[in-house]
Amino acid sequence: MIRTILWPTDLSRNSLKSAKHVVSLAEKYQAKIIMLYVGTDLTSMFGGYAHEPGEHHLQHFQEWEVKQAKSKMQHICETELKACPNMEIRLVQGDAANEILKAVKAEKADLVVITTHGRGHDEIDQKSPVFGSVAEKVIRSSPVPVHLVNPFEK
């Protein structure tokens with residue numbers, strides 16, 4: 001039984017193409033949707049530089065990123081997912097695949113809906129059989145089924 005669907009999105013054009021799949025599955029199973037955005041943990045990127053940006057600069061940017069993501073997610077909920085009243089938004093920071101896998105357990109998700117390619121692949125060869133790195137890691141390690149959406153299919 002599917003009661004909770006985890007929908008990780010990086011808010012790219014590719015990842016948002018899974019919205020109609022999420023809506024359809026949620027309606028079919030009367031499931032709750034957890035829309036998850038994983039922001040970049042910038043503090044992990046500057047360990048080897050002599051002149052690192054100040055902690056307050058990184059924190060300010062991360063707060064800005066989360067605010068922008070939340071605003072966009074709320075807009076998507078209102079416009080694209082209005083048929084799904086049972087929806088929650090989650091925003092975290094860190095490694096995308098690891099945070100998605102943590103959320104599967106924390107949210108007791110029964111299904112993950114994710115695109116095969118996200119932000120890093122907006123211009124990729126559409127016939128590439130290779131998944132994006134996040135999708136590949138999630139597929140390999142998810143304790144629940146993963147519904148893959150190819151964003152290049154029409």
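The values are calculated or read from the model by the stated rules, or taken from the named source; none is laboratory data. None of the values given here were measured: they were computed from a predicted structure. FYI the Cβ positions are ideal-geometry reconstructions off the backbone, even for glycines, and counts take in every protein chain you see.
A few comments on the model shown:
- For the residues Lys32, Lys67, Lys28, the requirement of being at pLDDT below 90 and out of contact with any Asp or Glu (no Cβ under 6 Å at 6 or more places or on another chain) singles out Lys67.
- Contacts under 8 angstrom Cβ, first residue in the stretch 6-17 being assigned to a strand (DSSP E or B), partner modelled with pLDDT under 85, 6 or more apart: Pro8/Ser15
- Which numbered condition Lys105 misses (of (1) loosely packed, with under 15 Cβ neighbours inside 10 Å; (2) at pLDDT below 85): (2)
- Residue match in the stretch 76-96 (condition: of a type in the set (S, T, N, Q), at pLDDT 95 or above and not in a loop (DSSP other than H, G, I, E, B)): no
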